[in-house]
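The structure appears below as structure tokens.
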């Protein structure tokens, strides 16, 4: 039996990352999501000692649409998740999947040396990681 090949997060992540400022409105965030075909945006750090945030479509559905709030009057920082659990690009996708399951995540920023280099989702892990080795 041959040893199992390790697939790293860096091999399956989406390297194109779209960011937004926490002071932007939800309307601006929705425009950016639509323009880029993204289901989430990374919220920039405000300073070096800050942490990254993440805004997902599900956050907007839950906290804006579901509560009948005006997207023009709500800022990203009011809805986003922060701090977020991040993933190392060298992590084995099996451990990444376990991390997602343990913390009920659907996607996470991939951070290398304190900088976001991508986003990885369950879809990436399964379709790009697991499926390519079947």
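The values are calculated or read from the model by the stated rules, or taken from the named source; none is laboratory data. Since the model is a prediction, treat every value here as computed from it, not as a measurement. Positions of Cβ are generated from backbone atoms using ideal geometry, with glycine treated the same way; all protein chains shown enter the neighbour counts.
Descriptive notes on the structure:
- Against the list (1) within 18 Å of residue 124 (Cα to Cα); (2) part of a strand (DSSP E or B), the condition residue 5 fails is (2).
- Per-region count, the stretch 19-55, residues touching a strand residue (DSSP E or B) at 6+ places or on another chain (Cβ under 9 Å) and either buried (at least 18 other Cβ atoms within 10 Å of the Cβ) or closer than 19 Å to residue 114 by Cβ (or both): 19
- Checked against (1) at pLDDT below 95; (2) surrounded by 13 or more Cβ atoms within 10 Å (Cβ to Cβ); (3) within 16 Å of the chain's Cα centre (by Cα), residue 60 passes all but a single condition, namely (1).
- Of all residues in the stretch 37-55, those satisfying the criterion of being in contact with a helix residue (DSSP H, G or I) (Cβ under 8 Å, 6 or more places away or on another chain) and not in a loop (DSSP other than H, G, I, E, B) are 40, 41, 43, 53, 55.
- Selection count where residues are part of a helix (DSSP H, G or I) and either within 26 Å of residue 7 (Cβ to Cβ) or free of Cβ contacts under 8 Å to residues at least 12 places away in the same chain (or both), scope the stretch 70-102: 10
- In the stretch 63-88, the residues that are touching a helix residue (DSSP H, G or I) at 6+ places or on another chain (Cβ under 6 Å) and surrounded by fewer than 18 Cβ atoms within 10 Å (Cβ to Cβ): 71, 72
- The residues of the stretch 13-36 that are part of a loop (DSSP other than H, G, I, E, B) and either free of Cβ contacts under 8 Å to residues at least 24 places away in the same chain or over 20 Å from residue 104 (Cα atoms) (or both), listed by number, are 15, 16, 17, 18, 21, 22, 23, 24.
- For the residues 58, 10, the requirement of being within 22 Å of residue 114 (Cα to Cα) and in a helix (DSSP H, G or I) singles out 10.
- Note on the stretch 110-134: residues that are modelled with pLDDT of 80 or more and either surrounded by 13 or more Cβ atoms within 10 Å (Cβ to Cβ) or part of a strand (DSSP E or B) (or both) amount to 16.
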